[in-house]
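The values are calculated or read from the model by the stated rules, or taken from the named source; none is laboratory data. Please read all numbers here as calculations on a predicted model, not as lab measurements. Glycine gets a Cβ as well: all are built from the backbone with ideal geometry, and neighbour counts include every protein chain shown. Remember, those area values only see protein heavy atoms, side chains included, never the ligands or the DNA or RNA. Shrake-Rupley method; radii C 1.70, N 1.55, O 1.52, S 1.80 Å.
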Amino acid sequence: MTYAAPFLVFLLLVAPGVRLLTLAAKTRQAPELWGGLYFLGASFGISLRLFGASAQFELPEAASLANAIGHVGLASGTIAMAFFTQRVFHPDAWTARAFVVFSTTGIATTTAWMFAGGHLMAENSAAVISTNTFRLLPTFWAFFESFRYWRSMKKREWLGLSDPVVTNRFLLWSIWTLGVSLLPAIALTLRLVAMLVLGDLGDPDESRQAYQPVIMGVVRILFLGIVPAAVIALMLAFFPPKSYLDRIRSRAEVALES
């Protein structure tokens with residue numbers, strides 16, 4: 001079961017990625033392309049990183065390779081997310097372009113540092129902590145922009161000036177991006193705490209074996225609370241059943257009539 005979770009995560013994330021890339025091939029639009037590349041990178045990155053963390057003591061060589069590919073996938077995916085958010089929300093703003101340059105440069109630089117220094121499996125190293133921190137910037141930015149835009153569209157919806165389904169989709173995207181931001185942020189916080197508590201005491205491998213199960217245990221518990229909400233929001237955003245769309249529209253009609 002431990003190794004089934006990464007496979008399920010891959011299937012979950014690759015589906016919207018394929019859908020967006022297929023759409024991008026038809027429309028030739030940048031947002032669909034960047035969105036598809038984000039999900040493609042995230043599908044490999046998150047699933048392989050989960051496998052690497054779970055199998056590092058039982059299958060160290062396979063875990064190391066999976067972890068390395070996972071880091072590349074996550075770096076590529078979060079860079080794509082930065083471009084996606086800029087093209088969707090601020091296509092002409094120089095401040096948004098500057099933020100994209102800053103975040104993508106930080107991701108690329110710290111990822112290269114991690115590989116060059118051989119820190120791929122050292123979750124409490126400065127290189128891994130730095131690259132994980134930079135990877136949070138695009139997803140938190142996407143959450144901020146989509147939530148802000150949802151609130152603006154919700155006010156228009158009350159006046160009948162926006163499509164309720166599109167408005168709801170921004171809310172769903174806000175929930176998803178918040179979820180994929182909170183989980184690594186929590187894991188990063190736990191690693192920082194572990195690093196401060198353990199310091200340089202004892203053998204690094206023994207220290208890692210001591211705190212890694214604790215971190216993974218806490219992260220799995222948090223997964224139970226955050227992941228279902230994020231997954232449901234993702235599925236409703238990309239593969240909504242007709243009954244859900246009808247309910248969204250009917251609620252908007254009732255609100256307008258009242």
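Identify, from the list A112, A127, A96, the residue that is open to solvent by 20 Å² or more (accessible area, probe 1.4 Å) and either more than 30 Å from I248 (Cα to Cα) or aromatic (F, W, Y) (or both).
Going through A112, A127, A96 in turn, just one is open to solvent by 20 Å² or more (accessible area, probe 1.4 Å) and either more than 30 Å from I248 (Cα to Cα) or aromatic (F, W, Y) (or both): A112.
Among all residue pairs at least 6 apart or on different chains, which show Cβ distances below 7 Å where the first residue, located in the range 168-184, is in contact (Cβ under 8 Å) with a residue 60 or more places away in the chain and within 14 Å of Y38 (Cβ to Cβ) and the second is of a type in the set (G, A, S) and open to solvent by 10 Å² or more (accessible area, probe 1.4 Å)?
W173/A237; W176/A237
Quick one: G225 ticks every box in (1) within 28 Å of L50 (Cα to Cα); (2) of a type in the set (G, A, S); (3) modelled with pLDDT of 90 or more; (4) loosely packed, with under 13 Cβ neighbours inside 10 Å bar one, so which box is it?
Unmet condition: (3).
Being aromatic (F, W, Y) and free of Cβ contacts under 8 Å to residues at least 60 places away in the same chain is the filter here, so list the residues in the range 48-73 that pass it.
Listed by number, the list holds a single entry, F51.
Checking H119 against (1) assigned to a loop (DSSP other than H, G, I, E, B); (2) in contact (Cβ under 8 Å) with a residue 12 or more places away in the chain, only one condition comes out false. Which one?
(2)
Residues are listed down the side, and each one gets a yes or a no for (1) over 21 Å from T78 (Cβ atoms); (2) part of a helix (DSSP H, G or I); (3) modelled with pLDDT of 95 or more; (4) of a type in the set (F, W, Y):
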residue: S103; (1), (2), (3), (4): no, yes, yes, no
residue: S130; (1), (2), (3), (4): no, yes, no, no
residue: W141; (1), (2), (3), (4): no, yes, yes, yes
residue: E157; (1), (2), (3), (4): yes, yes, no, no
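Of all residues in the range 21-53, which are farther than 13 Å from S76 by Cα, open to solvent by less than 30 Å² (accessible area, probe 1.4 Å) and aliphatic (A, V, I, L, M)?
Correct list: A24, A30, A53.
May I ask you to list the residues in the range 237-258 that are at pLDDT 90 or above, over 17 Å from the mean Cα position of the chain (by Cα) and either surrounded by 13 or more Cβ atoms within 10 Å (Cβ to Cβ) or part of a helix (DSSP H, G or I) (or both)?
P240, K242, S243, Y244, L245, D246, R247, I248
Please work out which one of (1) modelled with pLDDT under 85; (2) under 14 Å from the mean Cα position of the chain (by Cα); (3) small (G, A, S) is the condition S125 fails and give its number.
Of everything listed in (1) modelled with pLDDT under 85; (2) under 14 Å from the mean Cα position of the chain (by Cα); (3) small (G, A, S), S125 misses just condition (2).
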